[in-house]
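Participant: First the structure, which I've put down as structure tokens, then a few questions once you've had a look.
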Amino acid sequence: MIHEPLAFIHKVKMTNKVSLEVCSNSVTSAVAAQDGGAIRVELCENLKEGGTTPSHGQILMARKLLHIKLFVLIRPRAGDFLYTDLEYDIMMADIRYCIDAGCDGVVIGILHADGTVDKDRCIKMVRLAKQWGLGVTFHRAFDMCKDHYKALEDIIEIGCDRILTSGGKSTAMEGATVLNHLVEKAAGRISIMPGAGVNEANVADLVRFTNVTEVHSSARIPVRSKMQYHNDHILLSDVPGDEETTDVTSVDRVKKLIELANGN
């Protein structure tokens, strides 16, 4: 009899293990996420603009090299989440490509001008993906909604598997109270996955306070260019020095985040 409660406790800990999804800005970052123990990759490009859909080449190479789950961000441009009919058609075409490429899921989000979820167009995207066995995450367009609890119910109705959110704030730690309430309101019907500013310094507290079972981070470090020659008379970016470094996911940071998220 003494051993049964202990076995039960151990089972609960294993069942409630917190997993990490890594927001990967390249195939190089995606492979690092896998090597570090991430359960899933959200592949995208242009993270400095909030992320956009990666190239077909990135998707194909990621699928070739990853044995963990590969989700692809479906976002044709930076800026808001109010899309034209042409942009919507592009997004649907990108989902079809992800299906053909053998991806495990897509990451979507479309809003109306009044800050509500565009259920009509989102549900078509979800149905297309799920018809072929892909999972669907609703991304941080959720954070731009005027009523997060109404949006939660809409997204559950649409059929998404999880919501990536910072609780409507700039960082997940700032939105921790809302995240906790979202987890309670969701009541297991959909996963709430905190993202934005999740790092080694806050992931343990974030998990403990919100009771989430998965977190999202890019876990990046700057990697300096190996170019020996630099043309000092030209800037290819609005930010000086951008040509000299590239942000890449760190295997060690991924490992540490998983360790800390699980209280180790």
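The values are calculated or read from the model by the stated rules, or taken from the named source; none is laboratory data. Keep in mind that what you see is a predicted model, and the values were worked out from it rather than measured. Heads up, the Cβs are rebuilt from the backbone with ideal geometry, glycines too, and the neighbour counts pull from every protein chain shown. Keep in mind that these areas ignore ligands, DNA and RNA; they rest on the heavy atoms of the full protein, side chains included. Shrake-Rupley method; radii C 1.70, N 1.55, O 1.52, S 1.80 Å.
Participant: Does Ala187 fit the bill of being small (Gly, Ala, Ser) and either touching a residue at least 60 places away in the same chain (Cβ under 8 Å) or open to solvent by less than 70 Å² (accessible area, probe 1.4 Å) (or both)?
Facilitator: no
Participant: Part of a helix (DSSP H, G or I) and open to solvent by 10 Å² or more (accessible area, probe 1.4 Å): does that describe Lys150?
Facilitator: Details: part of a helix (DSSP H, G or I): yes; open to solvent by 10 Å² or more (accessible area, probe 1.4 Å): yes.
Criteria met by Lys150.
Participant: Here's a follow-up. Is there a residue being in contact with a Ser or Thr (Cβ under 9 Å, 6 or more places away or on another chain) and assigned to a loop (DSSP other than H, G, I, E, B) anywhere in segment 51-59?
Facilitator: Within segment 51-59, one or more residues are in contact with a Ser or Thr (Cβ under 9 Å, 6 or more places away or on another chain) and assigned to a loop (DSSP other than H, G, I, E, B).
Participant: Does Ile156 meet the test of being out of contact with any Asp or Glu (no Cβ under 9 Å at 6 or more places or on another chain), among the β-branched types (Val, Ile, Thr) and farther than 16 Å from Ile74 by Cβ? Working first, answer last.
Facilitator: Working: out of contact with any Asp or Glu (no Cβ under 9 Å at 6 or more places or on another chain): yes; among the β-branched types (Val, Ile, Thr): yes; farther than 16 Å from Ile74 by Cβ: yes.
Yes, satisfied.
Participant: Report, by residue number, each residue of segment 234-258 that is modelled with pLDDT of 75 or more and open to solvent by less than 70 Å² (accessible area, probe 1.4 Å). Before you say what the answer is, go through the steps one by one.
Facilitator: Step one: filter segment 234-258 for residues modelled with pLDDT of 75 or more, giving 244-258.
Within segment 234-258, Glu244, Thr245, Asp247, Val248, Thr249, Ser250, Val251, Arg253, Val254, Leu257, Ile258 qualify.
Participant: Let me ask you something else. Among (1) touching a residue at least 40 places away in the same chain (Cβ under 8 Å); (2) crowded, with 20+ Cβ neighbours inside 10 Å; (3) in contact with a helix residue (DSSP H, G or I) (Cβ under 8 Å, 6 or more places away or on another chain), there is one condition Ala141 misses while meeting the rest; what is its number?
Facilitator: (3)
Participant: Which is farther than 19 Å from Gly133 by Cβ, modelled with pLDDT of 95 or more and open to solvent by less than 10 Å² (accessible area, probe 1.4 Å), of Ala78, Ala30? So that I can check it myself, show each step before the final result.
Facilitator: Numbers: Ala78 fails: open to solvent by less than 10 Å² (accessible area, probe 1.4 Å).
Just a single option satisfies the conditions, and that option is Ala30.
Participant: Since Gly50 meets every condition but one in (1) in contact with a helix residue (DSSP H, G or I) (Cβ under 9 Å, 6 or more places away or on another chain); (2) modelled with pLDDT under 95; (3) open to solvent by less than 50 Å² (accessible area, probe 1.4 Å), which condition does it not meet?
Facilitator: Result: Gly50 fails condition (3) only.
Participant: Out of segment 173-184, which residues are closer than 14 Å to Met144 by Cα and either open to solvent by 50 Å² or more (accessible area, probe 1.4 Å) or not β-branched (Val, Ile, Thr) (or both)? It would help to see each step written out before you state the result.
Facilitator: Of segment 173-184, the ones closer than 14 Å to Met144 by Cα are 175, 178.
Listed by number, the list holds a single entry, Gly175.
Participant: Give the residue that is surrounded by the most Cβ atoms within 10 Å (Cβ to Cβ), with candidates limited to residues of segment 119-129 that are more than 15 Å from Glu153 (Cβ to Cβ) and over 18 Å from the mean Cα position of the chain (by Cα).
Facilitator: Arg121
Participant: Further question on the same structure: Take Ser170 and decide whether it is surrounded by 23 or more Cβ atoms within 10 Å (Cβ to Cβ), under 16 Å from the mean Cα position of the chain (by Cα) and of a type in the set (Ser, Thr, Tyr). Please lay out each step first, then the result.
Facilitator: Working: surrounded by 23 or more Cβ atoms within 10 Å (Cβ to Cβ): no; under 16 Å from the mean Cα position of the chain (by Cα): yes; of a type in the set (Ser, Thr, Tyr): yes.
Here the answer is no, as Ser170 does not meet what is asked.
Participant: Does Cys160 meet the test of being outside any strand (DSSP E or B), modelled with pLDDT of 95 or more and closer than 22 Å to Glu49 by Cβ? Let's see the steps before the verdict.
Facilitator: Details: outside any strand (DSSP E or B): yes; modelled with pLDDT of 95 or more: yes; closer than 22 Å to Glu49 by Cβ: no.
So Cys160 fails the test.
Participant: Considering Glu200, Glu174, Glu259, which residue is touching a residue at least 40 places away in the same chain (Cβ under 8 Å), at negative phi and either outside any helix (DSSP H, G or I) or of a type outside the set (Phe, Trp, Tyr) (or both)? Don't jump to the end; show me each part of the working.
Facilitator: Values: Glu174 fails: touching a residue at least 40 places away in the same chain (Cβ under 8 Å); Glu259 fails: touching a residue at least 40 places away in the same chain (Cβ under 8 Å).
Going through Glu200, Glu174, Glu259 in turn, just one is touching a residue at least 40 places away in the same chain (Cβ under 8 Å), at negative phi and either outside any helix (DSSP H, G or I) or of a type outside the set (Phe, Trp, Tyr) (or both): Glu200.
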